[in-house]
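For reference, the structure is listed below as structure tokens.
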Amino acid sequence: MKRLINRRNSLICTILLSCVVLFSCKKILDPEIIEMPTADNAITMPADVEKSVAAAYSFLRAVVPDKVFLMGDVRADLFSSYSQSSNVRIETPIATNSAAALLNNDGGNWNQFYTVIAQCNLVLERIPNIKGYDELLKRRHIGEASFIRALAYFYLVRFWGDVPLNLKSVDIDNLSRAPQAEVFAQIRSDLDVAIANLELDYGDGDRAVRATRGAAWAIKAHLLGWMQDYAGCEKLCDSVITKGPYSLVTDTMNLISIFVGKSREGIFELNFDANLREVQKNRVYNRTLGRPWYKDVSDGGGGSDRYLLCPTRQQLNVMFPPSAVDARLFTWFIRETYLQGVNEDRIFFGKYRTLQLKGDTSSQNINESNIIITRLADIMLLRAEALASTAVGRPGEAAVLLNKVRQRAFATPYTGGGNIQDTILLERKKELIGEGQYFFDLVRNRKLDKDSKITAGDWYQKGAWLLPINQTIIAKSNFAITQNEFWK
């Protein structure tokens, strides 16, 4: 193969979407019966760039929710089937970290991320040639494309480690895997471009669902934390908290509004809105919700709610002890299922339960909850983690931030004792469950063997945290791409 992925089909879809998609998931016409436009004539004016940036967001919506939920939450052993031996959902074995389970759930396929990247590359290539561009709009488009490309690469490098680094919309060469350090440098460069070009706020209509300077700060903070640069991570988190237009949702009994979307807490999220034709089949939702939200057999158990993915009651009791007060227990989870223990103790996860008004509940195409990539509580706890690290060494300030998140949920304040770093990690687990963060948290803190089914002490050194690469990708690259060492 002379392309990183099947570039002929990818390029056709990329360019067509650039021309016809405006924050839409409409089905693209069969490319075989349409004359393929070229990059030169596909994007010739600012309005074309706006549509092409919209396509990049659309591609991102198509890949991130499913992939990150499975590999960020299920792989961290936060969600499981009713049974581990019979009628087991195909996703459940992901937590065991077997190659078959990961590959069977698309854990070896990075192609969709490269579709996102190719679209961003195309936008960034074409912008310098466009005339009559309003300077502020031009800077916004450059910033957004750079941010989206950086985010896609950040997921790639955290999933697979060394990955091919492509900065061209069409690349005819076989690309081998670039070292992680090189990919990190490119992510950092793209985020710096985004920070330099984006504003902190573009108005309520686009709040959190399009990239801003605050979103770029937040993702760069996560990048530096991942790279163990906690001093730099802390400073960027502080910028988000003190300079950004963000505030915690204060209505504790309405925390679900965070996931309806565009709340003051949201920093960057993937928008799902039926009015913008963005509602799509998204298996994060129907894996975790049963009746009355979904009445079809999409739960994988022939219509029986017992086969939904959820934490076990024992896992919930670790996060939310029965004797402790914490409003998140009955906000993140459906109260009735927790109290009644319905269907063999299946406790519905309810963060993503906002449905299209008058939507067809027999269909999967109804959920309008936004998928959160990062929000203020995430960054507050990330800063607390950085402050509590030995590199920064300011645990008192870390405790203040930790307690601000706890206070919002009426949870007992932290007053000391134990390991504050472990306390913050547990708080991230409680606050961010279902948002695709916890597996990354465990790897970043080098504690994957302490709270998952990946228990070998040398898991990090051997690369057990990385995903395998689909053999088809390796073969089509003419073996320029090699398998991760752990999976050979």
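Observations on the structure shown:
- Protection proxy ranking, peptides 442-451, 118-127, 421-430, average beta carbon neighbours within 10 Å, highest first: 118-127, 421-430, 442-451
- Counting all C-alpha pairs of region 182-283, share separated by more than 19 Å (%): 50
- Peptides 128-134, 347-353, 399-405 ordered by packing proxy, namely the average of other Cβ atoms within 10 Å per residue, highest first: 347-353, 399-405, 128-134.
- Based on every Cα atom in region 79-149, Rg and the maximum pairwise Cα distance Dmax equal 20.7, 63 Å.
- Under 13 Å of direct C-alpha separation, and excluding same-chain neighbours fewer than eight residues apart, Lys138 reaches these aspartates and glutamates: Asp48, Glu50, Glu125, Glu199.
- Packing here is the average count of other Cβ atoms within 10 Å per residue, and on that basis the peptides 386-396, 473-483, highest first, run 386-396, 473-483.
- Based on the Kirkwood approach, the hydrodynamic radius assigned to region 39-167 is 16.5 Å, with every pair of different Cα atoms included.
- Here the gap between Thr44 and Met227, fully extended at 0.36 nm per residue and compared with their Cα-Cα distance, gives a gain of 62.0 nm.
- Net length gained if the chain between Phe410 and Lys447 were fully extended (0.36 nm per residue, minus Cα distance): 10.5 nm
- Rg/Rh (Cα only; Kirkwood hydrodynamic radius) as it applies to region 156-236: 1.04
The numbers here are math on the coordinates, done by the rules we state, and not lab data. What you see is a predicted model; the values in this text were computed from it and never measured. Virtual Cβ from ideal backbone geometry, glycine too; neighbours counted across all protein chains shown.
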